[in-house]
1. Using DSSP to call loops (not H, G, I, E or B), can you name the trypsin sites (Lys or Arg not before Pro) in region 45-132 whose Cβ has at most 16 other Cβ atoms within 10 angstrom?
2. Can you list which of the trypsin sites (Lys or Arg not before Pro) found in region 205-258 are DSSP loop residues with at most 10 other C-beta atoms within 10 Å?
3. Relative contact order of region 41-157, please, whole-number percent, based on alpha carbon pairs below 8 angstrom and at least 6 residues apart.
4. Sorted from largest to smallest, which semi-axis lengths in Å does the alpha carbon gyration tensor of region 187-322 give for its equivalent ellipsoid, taking the root of 5 times each eigenvalue?
5. How many angstrom lie between the Cα centre of region 287-321 and the Cα centre of region 85-146?
6. Write down the Kirkwood hydrodynamic radius of region 121-223, to one decimal in angstroms, obtained as one divided by the mean of 1/r over all alpha carbon pairs.
7. Over region 142-255, with every protein chain in place, what whole percent of the accessible area is carbon and sulfur at 1.4 Å, could you tell me?
8. Rounded to a whole number, what % of the accessible area of region 46-122 do carbon and sulfur atoms account for, probe 1.4 Å?
Amino acid sequence: MNARTVLIVGLVALALVACMASDVLAQQPLKIGLILPMTGPFASTGRQVVAAVKLYVAQHGDVVAGRKIEVLLRDDTNAPETTKRYAQELVVNDHAEVLAGFGLTPLAFAAAPIATAAKTPMIVMCAGTLVIPQKSPYIVRTSFTLPQNTAPIAMWAPKHGIKKVFTLVADYAPGIDSETTFTRVFKANGGEIVGQVRVPVQNPDYAPFVQRAKDAKPDALFVFVPSGEGAAVMKQFAERGLAKGGIKFIGPGDVTDDDILDSMGDAAIGTITSHDYSAAHSSAENVAYVAAFEKANPDMRPNFMSVGGWDGMELVYRVLKKTNGSAEGDKFIAAAKGMSWISPRGKITIDPKTRDIIQDVYIREVKRVNGHLFNVEFDRIPSVQPDGAVE
Ligand code: DHB
(Lines give C-alpha, C1' and ligand atoms only; values in the text may rest on other atoms or scores of the structure.)
Protein backbone atom coordinates (compact mmCIF):
# COMPACT_ATOMS: atom_id res chain seq x y z
CA MET A 1 0.00 0.00 0.00
CA ASN A 2 1.26 3.45 -0.82
CA ALA A 3 0.95 6.35 1.60
CA ARG A 4 -2.23 7.63 -0.02
CA THR A 5 -3.98 4.27 0.24
CA VAL A 6 -2.93 3.99 3.90
CA LEU A 7 -4.41 7.41 4.55
CA ILE A 8 -7.70 6.52 2.85
CA VAL A 9 -7.97 3.18 4.66
CA GLY A 10 -7.22 4.99 7.92
CA LEU A 11 -9.91 7.60 7.29
CA VAL A 12 -12.48 4.97 6.38
CA ALA A 13 -11.63 3.05 9.55
CA LEU A 14 -11.98 6.21 11.62
CA ALA A 15 -15.32 7.00 10.05
CA LEU A 16 -16.48 3.44 10.80
CA VAL A 17 -15.46 3.76 14.45
CA ALA A 18 -17.26 7.09 14.69
CA CYS A 19 -20.41 5.53 13.19
CA MET A 20 -20.21 2.59 15.56
CA ALA A 21 -19.70 4.90 18.52
CA SER A 22 -22.80 6.90 17.66
CA ASP A 23 -24.69 3.64 17.06
CA VAL A 24 -23.63 2.41 20.47
CA LEU A 25 -24.81 5.72 21.96
CA ALA A 26 -28.04 5.45 20.02
CA GLN A 27 -28.65 1.96 21.34
CA GLN A 28 -28.03 2.81 24.97
CA PRO A 29 -31.13 3.61 26.96
CA LEU A 30 -31.45 7.16 28.20
CA LYS A 31 -32.17 7.06 31.91
CA ILE A 32 -34.12 9.89 33.49
CA GLY A 33 -33.82 10.03 37.28
CA LEU A 34 -37.22 11.29 38.43
CA ILE A 35 -37.10 12.43 42.07
CA LEU A 36 -40.40 13.39 43.72
CA PRO A 37 -42.24 13.30 47.03
CA MET A 38 -44.37 10.16 46.57
CA THR A 39 -45.22 9.83 50.27
CA GLY A 40 -45.75 12.39 53.04
CA PRO A 41 -47.67 15.68 53.00
CA PHE A 42 -46.78 16.59 49.39
CA ALA A 43 -47.40 13.16 47.83
CA SER A 44 -50.12 14.63 45.60
CA THR A 45 -47.40 16.53 43.70
CA GLY A 46 -45.45 13.33 43.05
CA ARG A 47 -48.57 11.42 42.06
CA GLN A 48 -49.64 14.11 39.58
CA VAL A 49 -46.22 14.35 37.92
CA VAL A 50 -45.75 10.58 37.65
CA ALA A 51 -49.20 10.22 36.07
CA ALA A 52 -48.31 12.89 33.48
CA VAL A 53 -44.86 11.43 32.72
CA LYS A 54 -46.35 7.95 32.21
CA LEU A 55 -49.05 9.37 29.97
CA TYR A 56 -46.49 11.30 27.91
CA VAL A 57 -44.38 8.18 27.30
CA ALA A 58 -47.47 6.08 26.53
CA GLN A 59 -48.63 8.62 23.93
CA HIS A 60 -45.26 9.47 22.35
CA GLY A 61 -43.50 6.11 22.54
CA ASP A 62 -40.46 5.18 24.63
CA VAL A 63 -37.85 5.61 21.89
CA VAL A 64 -36.68 9.05 20.82
CA ALA A 65 -33.76 9.80 18.47
CA GLY A 66 -32.89 6.11 18.65
CA ARG A 67 -32.68 6.07 22.44
CA LYS A 68 -34.99 4.09 24.68
CA ILE A 69 -36.34 6.24 27.50
CA GLU A 70 -36.16 4.67 30.96
CA VAL A 71 -37.61 6.56 33.90
CA LEU A 72 -36.09 5.71 37.29
CA LEU A 73 -38.48 6.97 39.99
CA ARG A 74 -37.24 7.80 43.50
CA ASP A 75 -39.35 8.95 46.46
CA ASP A 76 -37.53 11.68 48.41
CA THR A 77 -40.44 12.00 50.93
CA ASN A 78 -39.89 15.81 50.87
CA ALA A 79 -36.50 15.45 52.64
CA PRO A 80 -33.81 17.58 50.91
CA GLU A 81 -30.90 15.36 52.05
CA THR A 82 -32.71 12.37 50.48
CA THR A 83 -33.20 14.28 47.21
CA LYS A 84 -29.48 15.05 47.15
CA ARG A 85 -28.47 11.44 47.90
CA TYR A 86 -30.77 10.06 45.19
CA ALA A 87 -29.53 12.63 42.67
CA GLN A 88 -25.96 11.53 43.34
CA GLU A 89 -26.76 7.80 43.24
CA LEU A 90 -28.78 8.16 40.06
CA VAL A 91 -25.96 9.94 38.27
CA VAL A 92 -23.04 7.91 39.61
CA ASN A 93 -24.44 4.37 40.03
CA ASP A 94 -27.35 4.25 37.60
CA HIS A 95 -25.79 6.49 34.92
CA ALA A 96 -28.89 8.65 34.67
CA GLU A 97 -28.23 11.33 32.05
CA VAL A 98 -31.10 13.60 33.04
CA LEU A 99 -32.46 14.50 36.49
CA ALA A 100 -36.07 15.63 36.79
CA GLY A 101 -38.95 16.26 39.20
CA PHE A 102 -38.26 18.41 42.33
CA GLY A 103 -41.61 18.77 44.09
CA LEU A 104 -40.69 21.69 46.34
CA THR A 105 -38.07 24.44 46.34
CA PRO A 106 -35.81 23.04 49.11
CA LEU A 107 -35.62 19.76 47.15
CA ALA A 108 -34.56 21.58 43.96
CA PHE A 109 -31.97 23.57 45.92
CA ALA A 110 -30.58 20.32 47.37
CA ALA A 111 -30.06 18.64 43.98
CA ALA A 112 -28.61 21.65 42.13
CA PRO A 113 -24.96 21.14 43.22
CA ILE A 114 -25.08 17.54 41.93
CA ALA A 115 -26.34 18.74 38.52
CA THR A 116 -23.50 21.25 38.40
CA ALA A 117 -20.77 18.81 39.47
CA ALA A 118 -21.93 16.10 37.04
CA LYS A 119 -22.89 18.54 34.23
CA THR A 120 -26.25 16.77 34.14
CA PRO A 121 -29.40 18.50 32.87
CA MET A 122 -31.87 19.04 35.73
CA ILE A 123 -35.48 19.66 34.78
CA VAL A 124 -37.49 21.41 37.47
CA MET A 125 -41.05 20.20 36.85
CA CYS A 126 -42.71 21.56 40.03
CA ALA A 127 -40.88 23.99 42.30
CA GLY A 128 -41.58 27.71 41.87
CA THR A 129 -39.07 29.98 43.64
CA LEU A 130 -37.66 32.51 41.19
CA VAL A 131 -33.95 31.96 41.92
CA ILE A 132 -33.95 28.18 41.32
CA PRO A 133 -32.37 28.23 37.82
CA GLN A 134 -29.56 30.40 39.19
CA LYS A 135 -28.53 27.50 41.45
CA SER A 136 -27.02 25.56 38.51
CA PRO A 137 -26.28 26.30 34.85
CA TYR A 138 -27.79 22.86 34.06
CA ILE A 139 -31.29 23.70 35.37
CA VAL A 140 -34.25 24.24 33.03
CA ARG A 141 -37.72 24.89 34.46
CA THR A 142 -41.03 23.69 32.97
CA SER A 143 -43.30 24.55 35.92
CA PHE A 144 -43.89 28.22 36.84
CA THR A 145 -42.55 30.86 39.18
CA LEU A 146 -44.38 32.45 42.08
CA PRO A 147 -43.71 36.04 40.88
CA GLN A 148 -45.15 35.01 37.48
CA ASN A 149 -48.31 33.50 38.95
CA THR A 150 -48.75 36.25 41.59
CA ALA A 151 -48.21 39.54 39.72
CA PRO A 152 -51.42 39.21 37.63
CA ILE A 153 -53.77 38.91 40.64
CA ALA A 154 -51.93 41.83 42.30
CA MET A 155 -52.74 43.94 39.22
CA TRP A 156 -56.31 42.66 38.88
CA ALA A 157 -57.43 43.12 42.50
CA PRO A 158 -57.18 46.93 42.93
CA LYS A 159 -59.02 47.43 39.64
CA HIS A 160 -61.92 45.34 40.97
CA GLY A 161 -62.71 46.95 44.30
CA ILE A 162 -60.09 45.14 46.40
CA LYS A 163 -58.12 47.97 48.02
CA LYS A 164 -57.13 46.46 51.40
CA VAL A 165 -55.53 43.04 51.61
CA PHE A 166 -54.23 40.78 54.37
CA THR A 167 -51.57 38.32 53.14
CA LEU A 168 -51.00 34.78 54.44
CA VAL A 169 -48.14 32.75 52.95
CA ALA A 170 -46.25 29.56 53.75
CA ASP A 171 -43.00 30.58 55.46
CA TYR A 172 -40.40 29.39 52.94
CA ALA A 173 -38.87 30.65 49.71
CA PRO A 174 -41.87 30.47 47.31
CA GLY A 175 -44.14 31.98 50.00
CA ILE A 176 -41.72 34.87 50.45
CA ASP A 177 -41.53 35.29 46.63
CA SER A 178 -45.31 35.39 46.47
CA GLU A 179 -45.71 37.81 49.42
CA THR A 180 -43.00 40.15 48.11
CA THR A 181 -44.37 40.21 44.57
CA PHE A 182 -47.95 40.71 45.70
CA THR A 183 -47.00 43.54 48.08
CA ARG A 184 -44.89 45.36 45.48
CA VAL A 185 -47.31 45.09 42.56
CA PHE A 186 -50.50 45.61 44.63
CA LYS A 187 -49.12 48.77 46.26
CA ALA A 188 -47.86 50.10 42.90
CA ASN A 189 -51.45 49.72 41.66
CA GLY A 190 -52.92 51.66 44.60
CA GLY A 191 -53.56 48.82 47.06
CA GLU A 192 -52.94 48.85 50.81
CA ILE A 193 -51.59 45.93 52.90
CA VAL A 194 -53.37 45.76 56.27
CA GLY A 195 -51.49 42.80 57.74
CA GLN A 196 -49.12 39.96 56.81
CA VAL A 197 -48.48 36.54 58.34
CA ARG A 198 -46.15 33.70 57.41
CA VAL A 199 -47.28 30.24 58.50
CA PRO A 200 -45.20 27.06 58.99
CA VAL A 201 -44.87 24.82 55.94
CA GLN A 202 -45.18 21.58 57.93
CA ASN A 203 -48.43 20.82 59.80
CA PRO A 204 -49.69 24.39 60.07
CA ASP A 205 -52.76 25.26 62.16
CA TYR A 206 -54.34 27.95 59.99
CA ALA A 207 -57.10 28.87 62.48
CA PRO A 208 -55.31 31.62 64.48
CA PHE A 209 -53.82 33.16 61.32
CA VAL A 210 -57.15 33.27 59.49
CA GLN A 211 -58.74 34.80 62.60
CA ARG A 212 -56.10 37.55 62.61
CA ALA A 213 -56.86 38.20 58.96
CA LYS A 214 -60.58 38.51 59.76
CA ASP A 215 -59.90 40.94 62.62
CA ALA A 216 -57.92 43.22 60.27
CA LYS A 217 -61.12 43.69 58.19
CA PRO A 218 -59.52 43.56 54.73
CA ASP A 219 -61.41 43.52 51.43
CA ALA A 220 -59.62 40.26 50.66
CA LEU A 221 -57.39 37.58 52.14
CA PHE A 222 -54.44 36.75 49.87
CA VAL A 223 -53.06 33.21 50.32
CA PHE A 224 -50.13 31.24 49.00
CA VAL A 225 -49.76 27.69 50.30
CA PRO A 226 -48.10 24.82 48.39
CA SER A 227 -50.13 22.33 46.37
CA GLY A 228 -52.20 20.06 48.60
CA GLU A 229 -52.67 22.60 51.44
CA GLY A 230 -55.45 24.74 49.96
CA ALA A 231 -58.38 22.78 51.39
CA ALA A 232 -57.19 23.27 54.99
CA VAL A 233 -57.02 27.07 54.55
CA MET A 234 -60.37 27.14 52.78
CA LYS A 235 -61.93 25.21 55.69
CA GLN A 236 -60.83 27.91 58.15
CA PHE A 237 -61.92 30.68 55.79
CA ALA A 238 -65.40 29.13 55.73
CA GLU A 239 -65.66 28.20 59.43
CA ARG A 240 -64.59 31.66 60.62
CA GLY A 241 -67.17 33.32 58.39
CA LEU A 242 -64.84 35.58 56.40
CA ALA A 243 -66.93 35.32 53.25
CA LYS A 244 -70.06 36.22 55.22
CA GLY A 245 -68.20 39.30 56.46
CA GLY A 246 -67.62 40.35 52.84
CA ILE A 247 -63.94 39.28 52.72
CA LYS A 248 -62.88 37.81 49.36
CA PHE A 249 -60.35 35.02 48.90
CA ILE A 250 -57.55 35.65 46.35
CA GLY A 251 -54.06 34.35 45.53
CA PRO A 252 -51.97 32.51 43.00
CA GLY A 253 -53.85 29.35 41.98
CA ASP A 254 -51.93 26.88 44.14
CA VAL A 255 -54.66 27.32 46.75
CA THR A 256 -57.46 26.15 44.43
CA ASP A 257 -55.38 23.26 43.10
CA ASP A 258 -57.40 21.06 40.72
CA ASP A 259 -56.24 17.97 42.59
CA ILE A 260 -58.37 18.92 45.63
CA LEU A 261 -60.63 21.76 44.47
CA ASP A 262 -63.73 19.63 44.01
CA SER A 263 -63.50 18.45 47.64
CA MET A 264 -63.51 22.00 49.04
CA GLY A 265 -67.26 22.52 48.76
CA ASP A 266 -69.24 25.69 48.16
CA ALA A 267 -66.91 27.79 50.38
CA ALA A 268 -64.45 27.87 47.48
CA ILE A 269 -66.97 29.36 45.04
CA GLY A 270 -66.02 32.92 44.06
CA THR A 271 -62.31 32.54 44.88
CA ILE A 272 -60.31 34.56 42.34
CA THR A 273 -56.79 33.42 41.49
CA SER A 274 -54.15 33.94 38.82
CA HIS A 275 -52.33 30.86 37.56
CA ASP A 276 -50.68 29.11 34.64
CA TYR A 277 -53.00 26.09 34.50
CA SER A 278 -56.63 25.12 34.98
CA ALA A 279 -58.09 21.74 34.09
CA ALA A 280 -60.99 23.79 32.69
CA HIS A 281 -58.71 25.55 30.13
CA SER A 282 -60.75 25.26 26.95
CA SER A 283 -58.06 24.72 24.28
CA ALA A 284 -58.24 21.59 22.09
CA GLU A 285 -54.84 20.51 23.46
CA ASN A 286 -56.09 20.69 27.04
CA VAL A 287 -59.41 19.01 26.37
CA ALA A 288 -57.46 16.09 24.87
CA TYR A 289 -54.94 16.15 27.76
CA VAL A 290 -57.59 16.07 30.49
CA ALA A 291 -59.56 13.30 28.74
CA ALA A 292 -56.45 11.10 28.30
CA PHE A 293 -55.22 11.82 31.84
CA GLU A 294 -58.57 10.94 33.41
CA LYS A 295 -58.93 7.83 31.25
CA ALA A 296 -55.53 6.59 32.45
CA ASN A 297 -56.18 7.71 36.06
CA PRO A 298 -59.93 7.43 36.67
CA ASP A 299 -59.80 8.81 40.23
CA MET A 300 -57.74 11.91 39.37
CA ARG A 301 -58.05 15.33 37.73
CA PRO A 302 -54.80 16.79 36.32
CA ASN A 303 -53.46 19.85 38.14
CA PHE A 304 -50.71 22.40 37.44
CA MET A 305 -48.00 20.06 38.74
CA SER A 306 -49.01 17.47 36.15
CA VAL A 307 -48.45 19.86 33.23
CA GLY A 308 -45.00 20.71 34.62
CA GLY A 309 -44.20 16.99 34.33
CA TRP A 310 -45.82 16.64 30.92
CA ASP A 311 -43.88 19.59 29.48
CA GLY A 312 -40.68 18.41 31.15
CA MET A 313 -40.96 15.23 29.07
CA GLU A 314 -41.84 17.26 25.97
CA LEU A 315 -38.62 19.21 26.58
CA VAL A 316 -36.52 16.01 26.83
CA TYR A 317 -38.04 14.60 23.62
CA ARG A 318 -37.58 17.85 21.70
CA VAL A 319 -33.98 18.27 22.86
CA LEU A 320 -33.01 14.68 22.01
CA LYS A 321 -34.43 15.08 18.51
CA LYS A 322 -32.35 18.24 18.08
CA THR A 323 -29.11 16.73 19.47
CA ASN A 324 -29.52 13.34 17.73
CA GLY A 325 -29.92 11.60 21.04
CA SER A 326 -27.25 13.33 23.11
CA ALA A 327 -28.15 14.53 26.61
CA GLU A 328 -24.63 15.82 27.29
CA GLY A 329 -25.13 18.74 29.69
CA ASP A 330 -23.92 21.70 27.67
CA LYS A 331 -25.48 20.42 24.42
CA PHE A 332 -28.78 19.74 26.17
CA ILE A 333 -28.99 23.21 27.70
CA ALA A 334 -27.96 24.95 24.46
CA ALA A 335 -30.68 23.03 22.60
CA ALA A 336 -33.33 23.79 25.26
CA LYS A 337 -32.77 27.56 25.23
CA GLY A 338 -35.48 29.40 23.33
CA MET A 339 -37.60 26.30 22.66
CA SER A 340 -41.32 27.01 22.44
CA TRP A 341 -44.40 24.85 22.02
CA ILE A 342 -48.12 24.63 22.70
CA SER A 343 -48.67 22.95 26.06
CA PRO A 344 -52.07 21.92 27.44
CA ARG A 345 -51.89 25.26 29.34
CA GLY A 346 -51.15 27.37 26.21
CA LYS A 347 -47.92 28.57 24.60
CA ILE A 348 -44.77 28.18 26.69
CA THR A 349 -41.18 29.23 25.96
CA ILE A 350 -37.86 28.42 27.63
CA ASP A 351 -36.31 31.85 28.15
CA PRO A 352 -32.84 31.64 26.52
CA LYS A 353 -31.41 34.06 29.11
CA THR A 354 -32.63 32.47 32.36
CA ARG A 355 -33.53 28.87 31.28
CA ASP A 356 -36.82 29.62 33.03
CA ILE A 357 -40.37 29.45 31.69
CA ILE A 358 -42.29 32.26 29.98
CA GLN A 359 -46.02 31.59 29.77
CA ASP A 360 -49.52 33.03 29.70
CA VAL A 361 -51.18 33.48 33.08
CA TYR A 362 -54.95 33.41 33.50
CA ILE A 363 -57.35 35.08 35.93
CA ARG A 364 -59.91 32.51 37.09
CA GLU A 365 -62.94 32.26 39.34
CA VAL A 366 -64.06 29.10 41.13
CA LYS A 367 -67.45 28.07 39.80
CA ARG A 368 -69.58 24.97 39.81
CA VAL A 369 -69.71 23.51 36.30
CA ASN A 370 -71.82 20.39 35.67
CA GLY A 371 -71.84 19.76 39.41
CA HIS A 372 -68.07 20.07 39.92
CA LEU A 373 -65.86 22.93 41.10
CA PHE A 374 -63.47 24.37 38.53
CA ASN A 375 -61.18 27.37 38.11
CA VAL A 376 -63.00 29.05 35.21
CA GLU A 377 -60.63 31.32 33.27
CA PHE A 378 -61.98 34.75 32.30
CA ASP A 379 -58.88 36.77 31.45
CA ARG A 380 -55.41 36.03 30.02
CA ILE A 381 -52.16 37.92 30.51
CA PRO A 382 -49.85 36.83 27.66
CA SER A 383 -46.18 35.89 27.98
CA VAL A 384 -45.61 36.68 31.65
CA GLN A 385 -41.86 36.68 32.39
CA PRO A 386 -40.35 34.54 35.17
CA ASP A 387 -39.95 37.64 37.38
CA GLY A 388 -43.62 38.57 36.90
CA ALA A 389 -43.03 41.33 34.35
CA VAL A 390 -45.76 41.67 31.73
CA GLU A 391 -45.47 43.08 28.22
C1 DHB B 1 -43.71 25.06 45.53
C2 DHB B 1 -44.44 23.96 45.89
C3 DHB B 1 -45.78 23.91 45.61
O4 DHB B 1 -46.53 22.84 45.94
C5 DHB B 1 -46.41 24.97 44.97
O6 DHB B 1 -47.72 24.88 44.72
C7 DHB B 1 -45.68 26.07 44.59
C8 DHB B 1 -44.32 26.13 44.88
C9 DHB B 1 -42.28 25.13 45.86
O10 DHB B 1 -41.88 24.58 46.91
O11 DHB B 1 -41.51 25.74 45.11
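The values are calculated or read from the model by the stated rules, or taken from the named source; none is laboratory data. What you are looking at is a predicted structure, and each value in this text was computed from that prediction instead of being measured. Note: ideal-geometry Cβ built from the backbone for every residue, glycine included; neighbour counts use all protein chains shown. Please note that ligands, DNA and RNA were not included when accessible areas were found on the heavy atoms of the full protein model with its side chains. Shrake-Rupley method; radii C 1.70, N 1.55, O 1.52, S 1.80 Å.
1. 119
2. 244
3. Here the relative contact order equals 19 percent.
4. Working from the Cα gyration tensor, I get semi-axes of 33, 17, 14 Å.
5. If you average the Cα positions of each part, the centres end up 20 Å apart.
6. It is 14.6 Å.
7. In region 142-255, the share of accessible area belonging to carbon and sulfur is 50 percent.
8. 54
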